[in-house]
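Below is one structure, written out as structure tokens; the observations come after it.
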Amino acid sequence: MRIVFAGTPEFAAQHLQALLQAGREVVAVYTQPDRPAGRGQKLAPSPVKQLALQHDIPVLQPPTLREPAAQAELAALQPDLMVVVAYGLILPQAVLDIPRLGCINSHASLLPRWRGAAPIQRAIEAGDRESGVTVMQMEAGLDTGPMLLKVGTPISAEDTGGSLHDRLAVLGSQAVVEAVGRLAAGELRGEVQDDSLATYAHKLSKDEARIDWTRPALELELLVRAFHPWPICHSTLAGETLKLHAARLGEGQGEPGLILAAGKEGLTVACGEGALTLTRLQLPGGKPLDFADLYNSRREQFAPGLVLGR
């Protein structure tokens, strides 16, 4: 089967690697154009492009797939199937119609639960107990296509956006390899999604990572885990920005943002309901540290009675 792969970030690169290890014929790779990165803002290839070049796979990077020329270029590859994982470009119907078996997508949610850009983080933020990967047949709508294969995993009380991302990348890679094999054998039939059960997973932003201490502690604990390692929740104390890398539910009550206690166990801050104990923080110009290490040298800076977020 002639496969064209389309993807951009590391999550997608793991899927491509799995297909190659399974011996599948990937005749070309589509990925986003190189972007400026690092302090020098030099153009950097995506993880998918880097992997493709290592395996001598032709790489195409059109800025859009809506142009007839780009569509003709894809058609000339005569693909049997297009596998799409976190590509970042919309595939118009004309593109979806080119491969003989259509286009399939590995989406990091148990559809139709979370459609859209940030299903991993939104699942943790919402307090979901389970996440997973859905391999679906693509159609013109956003993550609306028939479901071919689903693999679930529990969300633990310790999971962050990063840890769940890494686990789903492995599960998704395995699911895509299985789906490709079963599609080739004619064994898969799509299950139509129930649109009434769908929720839109909005793209993450740095603004919503700013902690609002009037919210319940339970919501903030979920937010800290969901937004790690990006965009990372943050607040201010005495004019300095504090990045919150880890937190757990604490005990106590008071004015939202009020430091209730500080010690080796963490920095306990009052919320709209309950309290949150911050266990790992990062100060401007510094690296993330357990609060016990910060507290040893900066006790006055975190004295009970001070207020975060002012």
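Readers should treat all values here as calculations from the given coordinates under stated rules, not as data from a laboratory. Computed from a predicted structure; not experimentally measured. Positions of Cβ are backbone-derived with ideal geometry, glycine not excepted, and every protein chain shown enters the neighbour counts.
Taking the number of Cβ atoms within 10 Å of each Cβ as an exposure proxy, the fewest-first ranking of His228, His165 is His165, His228.
Give the angle, between 0 and 90 degrees and rounded to the nearest 10, that separates the Cα long axis of helix 10-21 from the longest principal axis of the Cα atoms of the chain. In the chain, helix 10-21 runs at an angle near 40 degrees to the longest axis.
For the residues Arg2, Arg39, what sequence is obtained by ranking on other C-beta atoms within 10 Å, fewest first?
Details: Arg2 16, Arg39 5.
Fewest-to-most ranking of Arg2, Arg39: Arg39, Arg2.
Does the range 254-310 come out rounded, prolate or oblate, given a ≥ b ≥ c as the square roots of the eigenvalues of its C-alpha gyration tensor, rounded meaning a/c under 1.5 and, failing that, prolate meaning a/b above b/c?
Because a/c hits 1.5 or more and a/b exceeds b/c, the range 254-310 counts as prolate.
Just to confirm the number: angle between the C-alpha axis of helix 161-184 and the first principal axis of the chain, 0 to 90 degrees, nearest 10? Roughly 20 degrees between the two axes. Taking the Cα centre of the chain as reference, the dipole from Cβ charges on Lys and Arg (+1) and Asp and Glu (-1) amounts to some 620 debye.
Taking the mean number of other Cβ atoms within 10 Å as a proxy for protection, how do you rank 11-18, 144-151 from highest to lowest?
On the way: 11-18: 23.2, 144-151: 18.5.
Taking the mean over residues of other Cβ atoms within 10 Å, the ranking is 11-18, 144-151.
Packing-based ranking of 281-294, 237-250 yields 237-250, 281-294, ordered from highest to lowest mean Cβ neighbour count within 10 Å. Translational diffusion of the range 219-286, estimated by Stokes-Einstein from the Kirkwood radius over alpha carbon pairs at 20 °C in a medium of 1.002 mPa s, is 178 µm² per second.
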